[in-house]
There are 2 protein chains.
Amino acid sequence: MENKTYHHGDLRNELIEVGAKLLIEQGLEVFSLRKVAKEIGVSHAAPYRHFKDKEDLIVEISNKGIEEFYNALAKPFYEYKNQPKLQLIELGKAYIKFAIDNPYLMKILFFSDLKKKIDISKISDINDDSYSLLVDSVKNCIASGETTVKDVQALSLLTWSFVHGLSALMMEEVINIGEISDEVIDKMVKLSTLGYFKS
Amino acid sequence: MENKTYHHGDLRNELIEVGAKLLIEQGLEVFSLRKVAKEIGVSHAAPYRHFKDKEDLIVEISNKGIEEFYNALAKPFYEYKNQPKLQLIELGKAYIKFAIDNPYLMKILFFSDLKKKIDISKISDINDDSYSLLVDSVKNCIASGETTVKDVQALSLLTWSFVHGLSALMMEEVINIGEISDEVIDKMVKLSTLGYFKS
DNA sequence: CACCTTATGTTTACAGCGTCAACTTATTAG
DNA sequence: CTAATAAGTTGACGCTGTAAACATAAGGTG
């Protein structure tokens, strides 16, 4: 064993992988570069050959997290492509479930200073991120004549706000509704659509 | 000048006051006990005569913040006491405005590990905090027959989730809807009520 | 008043952190 | 083969939270 070479060989990727593990399991507040280095078995300054600073590594980790988030939403998006209303509901449920399963990641993506800024006024420009899935789904709903509200931007923000807020309340355990079950999530998301869906 | 006495006299309160200023203006991430001590002009270990540790001081500051939050919501609550629907809408608007005006405080209250837990299943037991204002308002709306949904718990969670989520998106600047104006907030909150209010 | 106790400060010390500079070693280009 | 460069290590700095030892002021008791 102990195949100790002076040069690691793939340190950059291992920093991201091990860093992601620590960051997502333990949270941003206790995340430290030195811990990551120690875990890998490399000196405390080694990460600086691959990342400008601590934030730089976190951003890299976040980028992988954003991909996972996108994939989690893309699944129901394509699965229910031909059922606009159901598609929007399933998108919301997937959003909430992802948040509950990955609270530390969500905090970094949405509640830290590293989060991405999205310009909601430029809906047509967005075509490759998670938000565009929501907007597309909302458009589908409006186009299929199922909604009372016709304003894409407003309806997107409305639905996003709801699932985002419920996610936050649940993942932060601000509320205690006993077991957070799939049924509860399903019920709440469907309830939230009452306003802008017919019948 | 320089009325330097060995004993400060009111250090505990000044720690809370100066601490609150720094915490709410600059955020939790850069908040340090030593900075607070230096700002007051006292040694870096002095705070430990009044607070067990850093977290202890932050909790104390948060408690004052929770009071302010409550007051911000209590104002419209009592002002629109006899107009259930308007009361709920104004509560939501006040919530969002407070969040936008006090992002760092809101982050501590809702997105840090110091947040208070609220047991939504014990609605009847709650009678003195911000959440009870919302629940009362929802009850008023249901009682006055203005809503389609009759489930107090579900409707409370629904409305809370929406304003909470919109607050988060706005205060974190995740979205950029240009100027965050009173009109935008008003529009969104009213739109959100479409589902559970008649006509 | 003098004395002792307690409350409330200060100083010193330590470990962990991010980061930088200086140094070392392996890899690679010419 | 050799020189340049990439990728490690070591040691240092200042900042952090926190604890222990010490100093001083305030208050109560004789």
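The values are calculated or read from the model by the stated rules, or taken from the named source; none is laboratory data. Nothing here was measured: the structure is a model prediction, and the numbers come from that model. We place every Cβ from the backbone using ideal geometry, glycine too, and count neighbours over all the protein chains shown. Just so you know, the surface numbers come from the protein's heavy atoms only, side chains and all, with ligands and any DNA or RNA stripped out. Shrake-Rupley method; radii C 1.70, N 1.55, O 1.52, S 1.80 Å.
Key figures
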| read-out | value |
| --- | --- |
| Förster radius 41 Å - calculated FRET efficiency between residue A:49 and residue B:115, Cβ distance, rounded to 0.05 | 0.60 |
| Above-threshold pairs, the threshold being 23 Å between Cα atoms, out of A:21/A:93; B:38/B:97; A:81/A:187; A:97/A:190; A:21/A:107 | A:21/A:93; B:38/B:97 |
| Rounded tilt (10° steps) of A:54-79 against the dominant C-alpha axis of chain A | 30 degrees |
| Fluctuation leader among A:102, A:63, A:13 - chain A, Gaussian network, Cα springs under 10 angstrom | A:13 |
| Candidates per trypsin sites (Lys or Arg not before Pro) in the stretch B:170-199, loop by DSSP, up to 13 other Cβ within 10 Å | B:198 |
| Prolate/oblate/rounded label for the stretch A:69-193 (Cα gyration tensor, a/c 1.5) | oblate |
| Solvent-accessible area buried by B and A, counting both chains, probe 1.4 angstrom, square angstrom | 3400 Å² |
| Cα-based helix-to-principal-axis angle, B:84-101 vs chain B, degrees rounded to 10 | 30 degrees |
| Vicinal HN-Hα couplings computed from phi for the stretch B:41-50 (Karplus, 6.51 cos²θ - 1.76 cosθ + 1.60; Hz; Gly/Pro x) | x, 10, 5, 5, 9, 4, x, 6, 7, 10 |
| Residue-span extension gain [residue B:12 to residue B:28] - 0.36 nm each, minus C-alpha spacing | 3.8 nm |
| Using θ = phi - 60° and Karplus 6.51 cos²θ - 1.76 cosθ + 1.60, couplings along the stretch B:7-18 (whole Hz; Gly, Pro as x) | 9, 6, x, 9, 4, 3, 5, 5, 4, 5, 5, 5 |
| Using a Förster distance of 25 Å, the FRET efficiency for residue A:129-residue A:82 (Cβ separation, nearest 0.05) | 0.65 |
| Accessible area per residue in Å² at 1.4 Å probe, computed on the protein assembly as shown | 52 Å² |
